[in-house]
Structure formats: structure tokens, C-alpha cells
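Worksheet: the structure to be examined is printed underneath.
The values are calculated or read from the model by the stated rules, or taken from the named source; none is laboratory data. Small disclaimer: the values here were computed from a predicted structure and weren't measured. Cβ placement follows ideal geometry from the backbone for every residue including glycine, while neighbour counts extend to all protein chains displayed. To get the accessible areas, we keep the full protein, side chains included, count just its heavy atoms, and leave off ligands, DNA and RNA. Shrake-Rupley method; radii C 1.70, N 1.55, O 1.52, S 1.80 Å.
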Amino acid sequence: GLTAKQGEELAFVPQFLVNAQDLANRAGGDAPRPARPDTASLDEIRLTAGNEQLLALYNQRDQLSDAIDAWNDLAERIEKRLPSWNTLKRLLAQVNGLSGAEVLVAQVTHIEQQRQLLEEPDAITPLVASLTQLLRDELNHLHTDYQARHQKGMARLDADTNWQQLEPEQRNSLLSTQKLTLTDAPKVQVANTDEVLATLERLSLSSFMDRVAAIDSRFDAVLVSAAELMEPKAQFVKLPSRTIKTDADIEAWLADAKKEIAQALQKGPVILH
């Protein structure tokens, strides 16, 4: 039978094997991580039992000890570098067809295919910086374009006689309907990678391009609405009806009709019926 000491050691073996396997799983994985290490030796020990298992473990203690040190080191390095890789993938998702990005996209693909997460020197951090800069430049360019077109549109409104006559609330309401108020302007913050990503996750480059392209027609719509607001409502004026027998009757009727139309005209356009 087993001694008490051997019993304790055996009780500890299954948990040791589970822990070692977990560690091995964290020491590799899906690309761009290195492939998972070979754990055939752990499987062999798992398949034995009792004293045989203790003996197998004892015979492989040096190799296992080295393997566990190596797996520990790999797992820690993977954990350190993964956040930077995840950031790179988020940046990549926003680049989408941007000119100048092809070379960078190809480099990211290469790192993934070749499982180069742990490559030295680190290739990921410089790529994060390059993609951030590319996206920052594009966001700044779109923002400048947006502001210039918006200023031009506001100048068009300021020169419009209908717009000049509107109340501030009416103006704000028309601008708001077309998403042209100051608070509607895209918030572009690009001080660092996190800000660039936050800006793009609110408004992607393609949506931003669409918004810039749409500004002119949105200002057109505001001008049309301003004209509609200032156009007084036309009135229907019924002409006096009577029987006319002489030229004098015609003159009298015309005089009455003219008086009625003139009175109505003071309030706005007139439609006769």
C-alpha cells in the first residue's frame, strides 16, 4: 500500500497537471501568438496512475521544471504585448481603404501570419504609432474641411435677406434640423491613440467624409426653409359680384375691386377667385 506521504503527493498530482496545462495554454495560442507548446509529456503522466504516476513525474521533473519556467515567461510576455496588438487591430478596422495605409496593413498581416507577437525588436508599437498618425492626419484634414465649408455656408445665410429677418430661435431650429449647429459639429480629439480611436468610433472616416460632402446641400435646404418661413401666406380675395349694364357700372365695380385688393395687399400676396 501507499505511505501517507505518497498519498499526499498523489492527491496533489491532478491539480499540478491541470495548472501546468493551463500555463502551457497561455504560453501560445491563435495567431499572432506563437503556437501552443507541445504538452505530450503532461498527457503521458496523466494517463498513468498511482505509484507509476509519481515515478513518471519524478523521472521528468527536470524537463517539466524547465518547461514550466519557459511557459511562464512566454505567458507573461504574451500578456504584456496583447493589449498593444488589440489596439493595432482596432486602428486597422478604421483605416478601411485610406490611401497610404496599404504598406502598414501588409505589415500587420505579416505579423499575424508569421505569429510574430513576441518578435524582438517589437514591431507592433511602431505600427500603432504610424496608424495613429495616419488617422490623425486624415481626421484633422476632414475637420478643417468641415469648418471651412461650414463658415462658407454661414456666410451665405448671413447674406440672405430672408435669413436676416428670422428670429434667433427660428434660425437655430433650421440649423438644428440640418445638423448644422455648433453642437452638431463632429468632436475631433486626436492627442493620442485612445482619443483617435474614440473619435473614430463615434464617427468613422467614411461617415465623416459623407458629412463634409453633404454640408453645401444642407445649407441649401436651410435657405429654402428660410424663404418658406418669410413668404407671407397668400390670401384669397373674392371680387364683388354684381350685374353690370353700363360703362359707369364697370368703372364703379373696378374702383370697388381695386379698393378691396389694395387693402388685402397690405397683409401679403393676393389670389383672386
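Kirkwood radius, the chain, all distinct C-alpha pairs, inverse of mean reciprocal distance: 26.7 Å.
Shown is the FRET efficiency for Gln189 and His110, computed with R0 = 35 Å from the Cβ-Cβ distance and rounded to the nearest 0.05: 0.65. Using a Gaussian network model of the chain in which every pair of alpha carbons under 10 angstrom is joined by a spring, one finds that among Gln63, Gln147, Gln263 the greatest mean-square fluctuation is at Gln263. For a straight C-alpha distance cut-off of 17 angstrom, the lysines reachable from Lys259 (same-chain residues fewer than eight places away being disregarded) are Lys238, Lys267.
Here the chain has 53 percent of its accessible surface on carbon and sulfur atoms, given a 1.4 Å probe and all protein chains in place. The gain in end-to-end length when the Leu203 to Asn172 segment is fully stretched comes to 8.8 nm, 0.36 nm per residue minus the alpha carbon separation. When you restrict to C-alpha pairs under 8 Å that are six or more residues apart and normalise by the size of the chain, the relative contact order lands at 16 percent. Modelled spin-label separation between Ala49 and Asp145, with each label point placed 7 Å from Cα along the Cα-to-Cβ direction: 7.2 nm. Under 5 Å from the amide H of Val270 lie the amide H atoms of Gln235, each residue being 5 or more positions distant or on a separate chain, with H modelled from the backbone and absent for Pro and chain starts. Helix 102-113 and the long axis of the chain differ in direction by around 30°, with both axes built from C-alpha atoms. Using label points projected 7 Å from each Cα along Cα→Cβ, tell me how many nm separate Leu239 and Lys267, to one decimal. The modelled label-to-label distance comes out at 2.1 nm. Extension gain, Asn72 to Ala159, is 24.2 nm, computed as 0.36 nm per intervening residue step minus the present C-alpha separation. Equivalent ellipsoid of the stretch 1-115: semi-axes from √(5λ) of the C-alpha gyration tensor, largest first, are 44, 12, 10 Å. Using just its DSSP H runs of length 4 or more, each adding -39500 (n - 2.57), the chain gives a mean residue ellipticity at 222 nm of -24000 deg cm²/dmol after division by all residues. Other residues within the sphere of radius under 14 Å centred on the Cβ of Ala70, judged by their own Cβ, net out at -3 (K and R +1, D and E -1).
Note on the stretch 91-244: percent of Cα-Cα distances in each 5 Å bin, starting at 0 and stopping at the bin with the largest distance, equals 1, 8, 14, 14, 11, 10, 8, 7, 6, 5, 4, 3, 2, 2, 1, 1, 1, 1, 0, 0, 0, 0. Residues in the stretch 214-228 carry Karplus couplings, in order, of 8, 4, 4, 5, 5, 5, 4, 4, 5, 4, 5, 5, 5, 5, 5 Hz; the curve used is 6.51 cos²θ - 1.76 cosθ + 1.60 with θ = phi - 60°, and Gly or Pro positions show x.
Rounded to the nearest 20 debye, the dipole size of the stretch 76-166 about its Cα centre is 160 debye, using +1 on the Cβ of Lys and Arg and -1 on the Cβ of Asp and Glu. Excluding ligands, DNA and RNA, the accessible surface per residue across the stretch 1-111 is 60 Å² with a 1.4 Å probe.
Counting only aspartates and glutamates at least 8 places from Lys245 when in the same chain, those with an alpha carbon closer than 17 Å to its own are Asp256. Taking all protein chains together, Lys80, Lys187 sort by accessible area into Lys80, Lys187, largest first [probe 1.4 Å].
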